[in-house]
Amino acid sequence: MKDKKIRKLVFTALLAALTCVATMVIQIPAPVSGYVNLGDCVVLLCAFFLGPWYGAAAAGIGSMLADLLSGFALYAPATLITKALMAMVAALLYRALPMKHSVLRATIGGVAAEVIMIAGYFLYGAVIMGSFAASALGVAGNAMQGVVGLVLGVLLAEVLKKTPLWTTI
């Protein structure tokens, strides 16, 4: 029992670091504000591998660290909450849906998670900019990031599910 908890904590820290790196390494500037990155792919992997609680911790902390280290500290609180919620919802749906095919469950969980991301950043942007119209300009970039993260996250989860790593956690 204790060994399994330690293993889960180690994988949580590892996936938090991987989330941070995936977010920071490839940053494509969005036309209006922020950037598109591969962090959402790893956020979904955190959800599928670690479950709702550990996955939320890894996704939220790793993504927030990327904001802090990349000069986007203003977005760090929103990122922590949004990415943690993304992972939690994706994991809960992935585990609870009665479908037999894991790709379909992962896709549904991932779509819900990406909607949370788009809505979360839209609302936070509206608060800090004082305008829903100004915040709406970032929706397209966030949607593009969401699609890329969803496709890659579901595909990587399906590939990794066939490895011994999946059952190790």
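The values are calculated or read from the model by the stated rules, or taken from the named source; none is laboratory data. What you see is a predicted model, and the numbers here were worked out from it, not measured in a lab. So basically every Cβ, Gly included, is an ideal-geometry build from the backbone, and we count neighbours across all protein chains shown.
With (1) at negative phi; (2) surrounded by fewer than 23 Cβ atoms within 10 Å (Cβ to Cβ) as the list, and Gly71 as the residue in question, which single condition is left unmet? Just one mismatch for Gly71, condition (1). Can we say Glu158 is under 12 Å from the mean Cα position of the chain (by Cα) and either without any contact (Cβ under 8 Å) to a residue 24 or more places away in the chain or part of a helix (DSSP H, G or I) (or both)? Judged against the criteria, Glu158 is not a match. Scan Val43, Val36, Val89 and give me the residue that is among the hydrophobic types (A, V, I, L, M, F, W, C) and modelled with pLDDT under 95. The match here is Val36.
Could you grab me the full set of residues in segment 29-84 that are in a helix (DSSP H, G or I) and β-branched (Val, Ile, Thr)?
First, pick out the residues of segment 29-84 that are in a helix (DSSP H, G or I): 39-70, 73-84.
Matches in segment 29-84: Val42, Val43, Ile61, Thr79, Ile81, Thr82.
To keep it simple, each residue is scored yes or no on (1) of a type in the set (Ser, Thr, Tyr); (2) assigned to a helix (DSSP H, G or I); (3) in contact (Cβ under 8 Å) with a residue 24 or more places away in the chain.
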site	(1), (2), (3)
Val89	no, yes, yes
Leu92	no, yes, yes
Arg95	no, yes, yes
Thr107	yes, yes, yes
Gly110	no, yes, yes
Glu114	no, yes, yes
Ala119	no, yes, no
Val127	no, yes, no
Ala133	no, yes, no
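Of the residues making up segment 34-49, those that are small (Gly, Ala, Ser) and over 15 Å from Tyr94 (Cβ atoms) are Gly34, Gly39.
Considering only residues of segment 84-107 that are in contact with a helix residue (DSSP H, G or I) (Cβ under 8 Å, 6 or more places away or on another chain) and not aliphatic (A, V, I, L, M), which is surrounded by the fewest Cβ atoms within 10 Å (Cβ to Cβ)? Among those residues, the one meeting the criterion is Arg95.
For every residue, the table says whether it meets (1) polar (S, T, N, Q); (2) within 23 Å of Ser135 (Cα to Cα); (3) surrounded by fewer than 23 Cβ atoms within 10 Å (Cβ to Cβ); (4) touching a residue at least 12 places away in the same chain (Cβ under 8 Å).
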{"position": "Thr19", "(1), (2), (3), (4)": "yes, no, no, yes"}
{"position": "Ala57", "(1), (2), (3), (4)": "no, no, yes, yes"}
{"position": "Gly60", "(1), (2), (3), (4)": "no, yes, no, yes"}
{"position": "Ser63", "(1), (2), (3), (4)": "yes, yes, no, yes"}
{"position": "Thr82", "(1), (2), (3), (4)": "yes, yes, no, yes"}
